[in-house]
Ligand code: HEM
């Protein structure tokens, strides 16, 4: 049974999925998973060709007869040509922003957050730094204050997060849709107030230029905003733990921080899987795939494929070129990768400057197979990150 080979939510797999990915890649790289009713792809070449061919492997599941619930209709669930004007609009909105200023303000934000933790014997890197840092940065970029971070916000966010695994955990779907709707309603109210700054200001002023239903526009901005803090917060946590686990390799991080960030995305990027559906009969790696079949590209497995990367299990801060799939590929590739890179270099630099002796003293993981990361990383300000220097 496939679950015996690959059960993505098995606690051991959540803790460290890479051995299972490797076994799959070596033994059955285009694996039909009976319980998931999906093809699991673990080779770089197969994942890349699926992501680069939206005409054959769609993100719009309506094309294979699976309805898309309203809160999911966005630029993430449309394909070209339907997606194209919206994707271009989003890119233009991002380019209209002063990203140099965003970076300077992110530096100030990171320093202030870390200063505020001074004197503590330990703190939670996720709750006390990574989440407020990424949330503050995306809020500035979008020009929209985050909804009040109260109990209701926390509950909706948890439900949205859990529902990323709804393919594995169907019970999580309904609450996840309600959470998305809740956040989209917030975006709609914000846009109705005619914001003047940030990406929401751009959208409010230029909305007439794109012909999409309000629902699609609001959901797309919500997706941008939500991905803009949740995913980089997971990434920063993974990066910190990876650096602590590989002190020798980590020593090279400051030689070229941008190259190092790419390697951290390859080695411990948080987005492990993305899904598509085949819209016609075809083959992948010699296996017959039928129209309507679901195809899961395991980006994290592709990122350690020895056919694509020399010595892929080694964290190599000077790896270049680094054609990782951590930001996806093709028409749905990460719209916020520039912002993610800014956040990564600012946060790692600030952490190193302020607490060069930082050490991780305990971690807890989210039981999430799509977005791998930690719910808590307890750190002691004095200790080990000095080894990283
Ligand atoms: C290290 C941090 C990040 C990682 C690893 C990451 C990764 C990814 C990946 C793998 C995809 C492709 C999904 C697919 O193919 O279905 C994606 C899409 C996306 N990302 Fe990111 N992301 C990060 C940060 C961000 C940030 C900061 C933003 C916003 C500022 C953002 C906004 C988006 C959006 C809107 C999409 C959907 C694009 C589309 O479907 O056209 N991401 N991201």
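Numbers for the structure displayed
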quantity	calculated
Among (1) within 21 Å of residue 232 (Cα to Cα); (2) within 16 Å of the ligand (Cβ to nearest atom), the one test that residue 167 misses	(1)
For residue 165: the one exception among (1) assigned to a helix (DSSP H, G or I); (2) in contact with a strand residue (DSSP E or B) (Cβ under 9 Å, 6 or more places away or on another chain)	(1)
Qualifying residue in the stretch 238-250 (condition: away from the ligand (no atom under 11 Å from the Cβ), at negative phi and free of Cβ contacts under 8 Å to residues at least 60 places away in the same chain)	yes
Residue in the stretch 374-388 that is within 16 Å of the ligand (Cβ to nearest atom), crowded, with 16+ Cβ neighbours inside 10 Å and not in a strand (DSSP E or B) present	no
Any chance residue 231 is farther than 18 Å from residue 18 by Cα, within 16 Å of the ligand (Cβ to nearest atom), within 16 Å of the chain's Cα centre (by Cα) and surrounded by fewer than 23 Cβ atoms within 10 Å (Cβ to Cβ)	yes
Failed item in (1) under 30 Å from residue 128 (Cα atoms); (2) surrounded by 14 or more Cβ atoms within 10 Å (Cβ to Cβ), with residue 322 passing the rest	(1)
Residues (surrounded by fewer than 19 Cβ atoms within 10 Å (Cβ to Cβ), touching a residue at least 12 places away in the same chain (Cβ under 8 Å) and more than 20 Å from residue 314 (Cβ to Cβ)) located in the stretch 9-26	9, 11, 13, 14, 15
Flag if residue 346 is in contact with a strand residue (DSSP E or B) (Cβ under 7 Å, 6 or more places away or on another chain), surrounded by 21 or more Cβ atoms within 10 Å (Cβ to Cβ) and touching a residue at least 12 places away in the same chain (Cβ under 8 Å)	no
Helices (runs of 4 or more DSSP H) fully within the stretch 51-157 counting 3 or more residues that are closer than 23 Å to residue 334 by Cβ, within 15 Å of the ligand (Cβ to nearest atom) and in contact with a helix residue (DSSP H, G or I) (Cβ under 6 Å, 6 or more places away or on another chain)	99-115, 131-142
Boolean, residue 243 is assigned to a helix (DSSP H, G or I), under 30 Å from residue 190 (Cα atoms) and touching a helix residue (DSSP H, G or I) at 6+ places or on another chain (Cβ under 7 Å)	no
Subset of the stretch 300-312 (residues that are over 16 Å from residue 272 (Cα atoms) and touching a residue at least 12 places away in the same chain (Cβ under 8 Å))	307, 308, 309
Evaluation of residue 215 against (1) surrounded by fewer than 22 Cβ atoms within 10 Å (Cβ to Cβ); (2) more than 19 Å from residue 180 (Cβ to Cβ); (3) modelled with pLDDT of 95 or more (one fails), failing number	(2)
Matching residues in the stretch 360-373 - criterion: being part of a loop (DSSP other than H, G, I, E, B) and either more than 18 Å from the chain's Cα centre (by Cα) or surrounded by 17 or more Cβ atoms within 10 Å (Cβ to Cβ) (or both)	366, 368, 369, 370, 372, 373
Residue in the stretch 52-61 that is under 26 Å from residue 138 (Cα atoms) and touching a strand residue (DSSP E or B) at 6+ places or on another chain (Cβ under 9 Å) present	yes
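The values are calculated or read from the model by the stated rules, or taken from the named source; none is laboratory data. What you see is a predicted model; the values in this text were computed from it and never measured. Positions of Cβ are backbone-derived with ideal geometry, glycine not excepted, and every protein chain shown enters the neighbour counts.
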